[in-house]
Amino acid sequence: MFKNFPFHRVNWKTSTFLIFTFLGACILTPWYVINYDITAFQWIMFSFYAVATTMSITLGYHRLFSHLSFKAKWPVKLFTLCFGAASFENSCLEWASDHRHHHKHTDHDGDPYDINKGFWYAHIGWLLFKLDPMPIQDNVNDLKRDKMVMWQDKWVHLIGLVLGFVVPTLLGYMAGGAAGALGGFILSGLLRTVIVQHCTFFINSLCHTIGSRPYDSRTSARDSALMAVFTCGEGYHNYHHSFQHDYRNGVKPWQLDPTKWMIWTLSKLGLTSSLRTVADEKILLAEMREAQRLIETKRGKLAEEDVPSPLRERAEEMIDALSDRLAESYSKLEEAISNKVKLSKASLVETQQEIRDVVKSLSKELKLARV
């Protein structure tokens with residue numbers, strides 16, 4: 001049965017940890033809930049650990065260390081490195097190296113969690129099996145000069161074990177005796193670890209499969225408002241792949257991005273600085289280019305479909321009119337950027353609405369033409 005199974009490629013240490021923590025959480029959590037009362041302290045500790053370890057990945061590992069989208073003082077770096085270790089997603093150095101390879105080779109060979117190899121592979125398979133060849137850490141020389149990053153890289157498993165399992169167990173014992181200790185280990189340790197890890201993994205899998213691509217449809221990365229809820233704002237993945245050095249992922253006023261808000265708040269406290277952003281005009285240009293690509297795609301699809309002549313002519317006229325309208329706006333915006341003219345907020349909002357109107361009108365007309 002297992003004769004041809006590639007045992008030599010199994011990452012045994014990682015696989016064992018991921019499988020047994022998952023099984024442990026699935027079995028022990030319902031058992032504990034049935035047999036013990038969950039106290040307010042346990043809820044608070046679980047919530048703190050979930051947010052602290054998630055933010056340490058999103059704010060620390062990702063936006064600070066992987067993309068250098070802002071600068072941070074040592075307390076922020078220490079906190080995210082320690083609680084990042086407690087998330088059990090490898091050291092910051094390894095995480096950042098894999099992630100930089102992912103951005104450089106998205107959807108191609110060299111992407112550690114290439115979605116083209118399947119949803120399961122991008123989600124967790126790449127961790128369970130050794131990559132062939134393994135990515136080399138030739139893209140994190142800047143982080144190798146950071147003493148705190150290298151300290152965490154050396155002691156990451158010990159830090160994770162102590163902070164991720166021992167501390168919540170001890171705190172649970174202090175608050176509720178043996179039952180509290182067990183609850184601390186199971187809820188804030190096992191369950192929290194599994195939930196945070198898989199929410200992170202879903203960015204690599206789900207956010208490369210389901211969602212919208214308002215900025216660039218040439219990449220598999222997609223925006224998902226739902227995943228933003230569970231990952232402190234990381235769900236706006238199409239934007240992130242289009243503008244990876246922006247400290248924000250959710251740039252629209254209505255988009256949920258707690259990590260962005262935390263970075264901004266810390267900047268007001270003097271703990272972060274040099275927050276990198278992309279100009280609103282450049283973001284609009286990307287949206288316009290994508291809308292134009294959508295128009296051209298629909299034009300090609302219309303040409304291939306068997307559509308009655310009157311409907312075809314009407315649809316073609318609509319496509320041409322929308323394309324011209326978009327091209328005119330694009331030209332004006334590009335000229336404003338080249339002349340370094342700062343557009344008013346009202347003008348930007350108006351242009352954004354125009355893009356939405358173009359896409360909506362196009363969809364409506366092609367629906368009538370049954371394309």
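We did not get these values from a lab; they are worked out from the coordinates using the rules stated. Worth saying up front: this structure is predicted, and the values here are computed from it rather than measured.
Points to keep in mind about this one:
- Cα-based shape type of segment 1-146, given that a ≥ b ≥ c are square roots of the gyration tensor eigenvalues and the cut on a/c is 1.5: oblate
- Cα gyration tensor category, rounded, prolate or oblate, for segment 5-75 with a/c compared to 1.5: oblate
- Translational diffusion coefficient (Stokes-Einstein; Kirkwood radius from C-alpha pairs) of segment 89-150 at 37 °C, 0.692 mPa s, in µm²/s: 269
- Rounded, prolate or oblate (a/c below 1.5 giving rounded, otherwise prolate when a/b exceeds b/c) for segment 79-193 by Cα gyration tensor: oblate
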